[in-house]
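Below: one structure, written as structure tokens.
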Amino acid sequence: MITSNKQQPFSTNISLTPSPWNSGTQLLHIGIKGYDIKPDKRPAANLVLLFDVSGSMRGKDRLPLAIKAMKLLVDQMNNKDRVGIVVYAGAAGMVLAPTTGDNKQAIYAALENLKAGGSTAGGEGLRLAYSLAEQNFDKNAVNRVILATDGDFNVGVVSGERLEDFVTRKRDSGIYLSVMGFGRGNYNDQMMQKIAQAGNGNAAYIGTLNEARKVLVEEMQGALFTIAEDVKIQVEFNPAKVAEYRLIGYETRMLKREDFANDKVDAAEIGSGHTVTAIYEITAPDSKARVVEDLRYGVKDKSVVKSSDEIAHVRIRYKLPKQEQSRLIEQAVTDADKIVDLTKALDYVQFSTAVAGFAQILRSETRLPKSGELRREIVERFLDLGFDVVREGFLFADLLQKVGFRTTNVSQQLFLVAGHVFQFDLVEIAAGTGIDHDNLLFHEKRRVLRLFQEFRQTGTTVQQALGRGVE
């Protein structure tokens, strides 16, 4: 369900599925989907693009990719919007005064003139970017600084705590911060996440132009236009049904129990059309998968209603934009939310399960089996996914390939073919031929779907498909 109610700006979807990596546990999925603001109804944007042009940003996956990425964002701007550009290296400076979004040639020219060199005075750059945003502040617009960096702050303000305090103060003035990370090796993800959270913004790592298109085009409204602030999720488990639980991921977003109802404690923002999924792995009291023994002095309250079908109770707090008091949504998790077969779950549930499993493999999670069965299970999650997740599947399969993840499964071959189809820069192709980009992308997706059907019916190998040009 997708909500269109601004008073409750997101819908929730809860499901309980078997775990593909442990037959003795289950996965509780709590999904939040924000309502979509129609493009012609969106507020104006007052943006300051802040570029790290220090020497560490040399390399095609750093400043050159950041420039291409921001061009994609500028393509979405119109005459109501304002775009300014600030850079920092050994010193900070303004490259482009705020310019209307329809004056794309002026913005493109400023972007194309950016060069990398020098040390990194990130703190000074942030100060100048916020100052420029304040000079053009519009209370009816979205006011945001977008930082493009590899996160290597080595000159000036280098303490993450001091930067966080500075960004927090600016957040209270109505100017938010988003962080786009580029490059590998010295990328300081922890600092970038901390700063973005303090700035009521999002942090995203961009390693390819396809990822840039996903973040700054397909999810642009979610990245820029906030529909709910300080969103918090709290889950209480029924001890008669759940003996152990663990939250998979979100380590940097953990809250103290007492902070849930405290409206002064900052939390996450939900953007237009934004989707957030929290996954808990839970273990029943009688499961052989339990890893923690009962406490000698643990709670043994006989008043717990074991006959109840409630497994957990979910509470979600949020604030509407520019409001100080939070609102509360509550929902019980019951046996009715159970899905016996994971392949019968919604596509996004299957996909998020696969991503969560793969992330744990990368982190060498000790609770996962060491056999190759889990890896095959993860890839098989893609086999029957539909049109809406083709692109997500490709991006994930591309990551699988980069880290040496191998399988002979047909679904992996499908997504390698999808990777072949999407490896071209569709924006540049469209610009060179005069073809509408959205129309071109649609036809390329249709092409992948035809391949899906062919692989299912004939079992054609990826080498055969690529050998004849993937018709």
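Coordinate-derived values only; no laboratory data. Keep in mind it's a predicted model, so treat the numbers as computed, not measured. Using ideal geometry, Cβ is built from the backbone for each residue, glycine included, and neighbour counts are taken over all protein chains shown.
Data table
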read-out: Distant-in-sequence amide H partners of GLU244 (H built 1.01 Å from N, under 5 Å); value: THR283
read-out: Calculated from backbone phi, Karplus (6.51, -1.76, 1.60) coupling profile of region 316-321 in Hz, x at Gly/Pro; value: 10, 10, 7, 10, 6, x
read-out: Taking region 207-348 and dividing mean pair separation by its residue count, relative contact order in percent (alpha carbons under 8 Å, at least six apart); value: 32
read-out: Kirkwood Rh in Å, taken over region 218-370 so that all alpha-carbon pairs contribute; value: 18.1
read-out: Estimated FRET transfer efficiency (LYS41, ALA97; beta-carbon r; R0 25 Å; 0.05); value: 0.35
read-out: Translational diffusion of region 49-89, µm² s⁻¹ [Kirkwood Rh, Cα pairs; Stokes-Einstein; 25 °C; 0.890 mPa s]; value: 219
read-out: Placed amide H near GLY273: partners under 5 Å, 5+ positions off or other chain; value: GLY34, TYR35, ASP36, ILE37
read-out: For region 42-113 and region 202-216, distance of Cα centres in Å; value: 15
read-out: Net lengthening on full extension, GLU218/LEU328 (0.36 nm per residue, minus Cα-Cα); value: 36.6 nm
